[in-house]
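This report concerns only the one structure given below.
The values are calculated or read from the model by the stated rules, or taken from the named source; none is laboratory data. Please read these numbers as outputs of a predicted model, since none were measured by experiment. Counting neighbours? That spans all protein chains shown, and the Cβs are built from the backbone with ideal geometry, glycine included. Accessible surface is based on the protein model in full, side chains and every heavy atom, while ligands, DNA and RNA are left aside. Shrake-Rupley method; radii C 1.70, N 1.55, O 1.52, S 1.80 Å.
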Amino acid sequence: MAGPMPVSPLAPREGFPDLAPIAGVRFASAAAGVKYAGRNDVMLAKIAANSTIAGVFTRSATRAAPVLWCQECLEKKPEAASGFAILVNSGNANAFTGRSGRQDVETIAGAVADVTGVPLHHVYMASTGVIGEPLPAGRITAALTGLNAGLEPDGAAAAAKAIMTTDTFPKGSGADVRLAGDTVRISGFAKGSGMIEPDMGTMLGYIFTDANIPQPLLQSLLADTTDRSFNAITVDSDTSTSDTVMLIATGRSGPELSEDHRELPAFRSALLGVMQSLAHQIVRDGEGASKFVSVTVNGAVSDASAKTVAKAIGNSPLVKTALAGEDPNWGRIVMAIGKAGEPADRDRIAIRFGDIVVARDGWVAPDYTEAAGAAYMTRSEIDVTVDLGMGAGQARIWTCDLTHQYITINADYRS
């Protein structure tokens with residue numbers, strides 16, 4: 001691409017947050033020259049012994065070599081006593097690279113294990129960037145000694161920048177929660193801008209906490225909160241080969257949590273807040289985005305049905321281009337509801353833009369005016385609500401508009 005893109009107009013005004021260090025976690029980043037010149041493109045995280053780790057990954061049938069490696073590592077049920085390492089590169093996805101892709105993963109993981117002293121299958125990896133090009137593994141392994149020497153507790157901001165591709169800003173979020181009189185911290189960062197669809201898009205997310213959580217519960221918490229955060233966003237309906245979200249708990253603060261612990265709901269709520277913040281930031285950095293859009297569907301026959309309808313609306317190119325053009329074309333929303341393949345009755349549907357009732361009982365609302373709808377569409381944050389009138393099912397997803405800039409970015413992606 002010709003040069004760095006201007007920062008998204010939807011980016012958080014306060015910039016990257018001042019994330020509290022998590023006891024037992026250190027970060028480093030470096031310029032390995034994987035693809036980009038003059039910028040850091042590799043990050044290393046080292047996690048202390050007696051920590052637990054969980055992960056969720058893309059369901060794509062063409063998963064990248066690092067994703068398959070991470071899934072295998074988790075299946076081996078790693079021992080918490082040995083600690084972990086995470087190595088991420090940007091600029092090259094190491095996807096659709098055949099046997100050489102797997103060999104590169106094994107080479108890099110082995111080198112990370114040697115440098116950090118972490119067992120081989122406690123090394124987790126991710127790659128993000130161009131698909132189908134060989135990964136220059138030697139450039140990454142050459143940077144490892146310096147990365148290991150540069151590990152520091154407050155390196156999360158630099159690590160978040162190192163994993164960006166078409167992102168225009170690094171994405172971070174944190175929270176504190178009081179559990180049994182102790183302050184438990186949660187800090188995380190993510191990357192993602194395009195190839196984003198529920199089931200995880202070209203996105204990576206790493207969330208760290210000093211909470212004390214056994215691995216099975218950690219995995220359950222991650223799966224639950226991912227469904228209500230990263231799996232509830234879409235930029236362009238394209239599911240990536242590389243999506244990875246990992247949750248690491250170092251066990252340095254608070255009580256040992258269990259399924260029936262009275263403090264677990266407070267931790268789950270704080271974790272969900274961090275993950276939804278990161279997910280929203282990905283949408284706000286959607287390639288070419290100028291509108292942050294919430295789509296809520298109520299009155300469906302089930303929650304799953306509501307989510308399918310919401311995704312049909314959020315992924316419709318016609319809906320998204322109308323939003324970009326600030327056109328309150330509610331007929332396109334009706335179209336998207338109809339094509340979703342879920343139970344719906346035309347004469348029960350109601351549609352709102354914010355507090356404006358646009359349609360009800362299958363027809364335009366008597367008090368609705370085109371001028372009111374057009375004025376609402378000039379906002380940078382838009383809420384679309386649909387009630388199907390069929391049942392109690394409900395869901396919410398977050399998306400963005402589709403502008404000319406999206407085409408420009410992706411037509412020029414590999415140059």
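With the full set of protein chains in place, find how many percent of the accessible area of segment 213-335 is carbon and sulfur; take the probe as 1.4 Å. Walk me through the numbers before you get to the answer.
Values: 1940 of 3890 Å².
Result for segment 213-335: 50 percent of the exposed heavy-atom area is carbon or sulfur.
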Output the 0 to 90 degree angle, nearest 10, between the alpha-carbon long axis of helix 330-339 and the longest principal axis computed from the alpha carbons of the chain. 70 degrees
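Divide by every residue of the chain the summed helix terms, -39500 (n - 2.57) for each DSSP H run of at least 4, and state the resulting mean residue ellipticity at 222 nm, rounded to the nearest 500 deg cm²/dmol. Present the calculation step by step, with values, prior to reporting the outcome.
Numbers: 12 runs with 129 residues, N = 415.
Rounded to the nearest 500, the figure is -9500 deg cm²/dmol.
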Of the heavy-atom accessible surface of segment 336-415 (probe 1.4 angstrom), what whole percent is carbon and sulfur? 49 percent
What percent do you get for the relative contact order of segment 47-96 when only Cα pairs under 8 Å and 6+ apart count? 59 percent
Under 5 Å between amide H atoms, partner at least 5 residues away or on a different chain: which partners does residue 243 have, H built in plane at 1.01 Å? 58, 203
What is the projected area of the convex hull of the Cα atoms of the chain, averaged over all directions, in nm²? 19.8 nm²
Over what distance in Å are the Cα centres of segment 368-413 and segment 289-365 separated? 8 Å
Listed peptides 16-28, 147-159, 277-289, 253-265 by packing density, highest first (mean Cβ within 10 Å): 277-289, 16-28, 147-159, 253-265
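With every protein chain left in place, what is the accessible area per residue of segment 215-294 in square angstrom, probe 1.4 Å?
On the way: 2400 Å² over 80 residues.
On a per-residue basis, 30 Å².
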Please arrange 35, 191, 76 by accessible surface area, largest first, computed with a 1.4 Å probe and ligands excluded. 76, 35, 191
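So, for segment 119-169, what is the accessible surface per residue at a probe of 1.4 Å, expressed in square angstrom?
36 Å²
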Which of the pairs 46/291; 76/311; 171/307 have their Cα atoms more than 31 Å apart in this structure? 46/291; 76/311
Set of aspartates and glutamates with alpha-carbon distance to residue 35 below 13 Å, sequence-local pairs under 8 removed: 133
Largest-first principal axis extents, alpha carbons of segment 127-186, Å: 50, 28, 17
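What fraction of the DSSP beta bridges in the chain is antiparallel, stated in percent and rounded to the nearest 5?
Details: 50 of 74 bridges.
In the chain, approximately 70 percent of DSSP beta bridges are antiparallel ones.
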For segment 36-156 the mean separation of alpha carbon contacts under 8 Å (6+ apart) over residue count, i.e. relative contact order in percent, is 31 percent
Pseudo-spin-label distance residue 130 to residue 269, built 7 Å along Cα→Cβ, given in nm, is 4.8 nm
If each residue of separation counts as 0.36 nm, what is the full-extension length gain between residue 114 and residue 178 once their alpha-carbon separation is subtracted? 19.2 nm
If you restrict to DSSP beta bridges whose two residues both lie in segment 1-145, what percentage is antiparallel, to the nearest 5? 60 percent
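Please list 375-384, 396-405 highest first by mean number of surrounding beta-carbon atoms within 10 Å per residue.
So the peptides 375-384, 396-405, ranked by packing, come out 396-405, 375-384.
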Rounding to the nearest 10 and keeping the result within 0 to 90°, find how far the Cα-based axis of helix 303-315 lies from the longest principal axis of the chain. 90 degrees
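Which order, highest average first, do 50-58, 132-140 follow once you tally other Cβ atoms within 10 Å for each residue and take the mean per peptide?
The packing order, highest mean first, is 50-58, 132-140.
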Report, in whole Å, the centroid distance computed from the Cα atoms of segment 84-114 and segment 121-136. 5 Å
Considering the options 121, 23, 34, tell which one lies farthest towards the positive end of the dipole of segment 1-140, charges being +1 on Lys and Arg and -1 on Asp and Glu at the Cβ, about the Cα centre. 34
Report the gain in length on full extension from residue 371 to residue 355: 0.36 nm times residue separation, minus Cα-Cα distance, nm rounded to one decimal. 4.3 nm
